[in-house]
Each structure stands twice: as C-alpha cells, then as structure tokens.
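Got a structure for you, written out below as structure tokens; questions coming shortly.
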Amino acid sequence: MGSAHKIDVSGLVAGNRGGLVVDDRVPVAPFEGVLFPEAAAVHLELQASGELLEIQGTIDVPLTSECARCLGTVAESMHVKVDEQVEAGASLQDGPFEESNVLTAGRLDVADLAAQLIYSAIPIGLLCKEDCKGICPRCGENRNSKECECNGETSG
C-alpha cells in the first residue's frame, strides 16, 4: 500500500503530543471473493501509553460479494469498531510478522491496519438477505425468484 496512508506517530509515542486524530479514506483490495467498490472511511483516535499506541475509532466500507446460498449479489456496508493496542517500542517493529507490523520506524500504516481489521471482520457465508431460500439442489432454480417445479425433491 502506498505511503500516502502512513502517519508519523513518533512524536506521539515519544510523549511530545497529547493525542492524534486521523481521518482518511483508504482503498481496500479484494479479499476471498469480497470486493470493496469504494474507499474505506477511517476515523482513528491515537494515544500513547508507555510503549503502547492505543488506537480507537471506526472504519466504514461498502462491500459486494456473492450470496453463499443463491449466488446472487450481496451489497452491504461494514462498520468495524477499532480498539487496538500496538506495541510501539523500536525493537518490536523489526519484522512483518511482529505484533506491531502496522507500525514501522514511527509511522503507522493506516491502510494496512484498516485492511487487516476489515478482512478479519468479514462474516463467513455472506447472504443477500437473512431469509435467503437458496438454490434448489435438484433443478438449480433460485428459490428467491420463484418456486421450482420439483419442490426441491431429489431423485433417489
């Protein structure tokens, strides 16, 4: 992700600032068949507490996917509450698999943080509607559109 979404938090972590508010719009790459047609609206409030960077806020992003039952289109919005603590010590920011992988050299990667939180919040088996009837296992008719002729009976 581009550096346009990296925020310098070194002064905050060093204790030179009381807090920092970040409002950003970040693009989100597709993930496991889920598309994000618009950038995510990210609102974060950052506070330093010792060697921790405390991150509170929200992420809102529209998504589209395929319904797990009828294969129709799912279009909805996700609202993710952010409540994270990232270890901010320099020795803790050494590798991409460290706990603080969104914080490198005093810079918070807002796009990477948002993507990780969004991806982990995607529900398994997205549905076009809560009472989706799915596809008939025998004739393949979308039962949301009309009743099929076989009424879902399988041949034995």
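Here are Pro27, Pro37: which of them is farther than 22 Å from Leu103 by Cβ and at pLDDT 95 or above? Give the steps one after another, and end with the answer.
Working: Pro27 fails: farther than 22 Å from Leu103 by Cβ.
One residue alone meets the criteria, Pro37.
For Glu66, only one of the following conditions fails: (1) without any contact (Cβ under 8 Å) to a residue 24 or more places away in the chain; (2) of a type outside the set (S, T, N, Q); (3) within 19 Å of Leu126 (Cα to Cα). What is its number?
Status for Glu66: all satisfied but (1).
Mind listing just one residue for me: the one in segment 49-66 that is closer than 18 Å to Leu103 by Cα and either of a type in the set (S, T, N, Q) or surrounded by fewer than 21 Cβ atoms within 10 Å (Cβ to Cβ) (or both) and, of those, nearest to the chain's Cα centre (by Cα)?
Gly57
The values are calculated or read from the model by the stated rules, or taken from the named source; none is laboratory data. Remember, predicted model here, so these are calculated numbers, not experimental data. Neighbour counts are summed over all protein chains in view; Cβ atoms, including those assigned to glycine, are modelled from backbone coordinates with ideal geometry.
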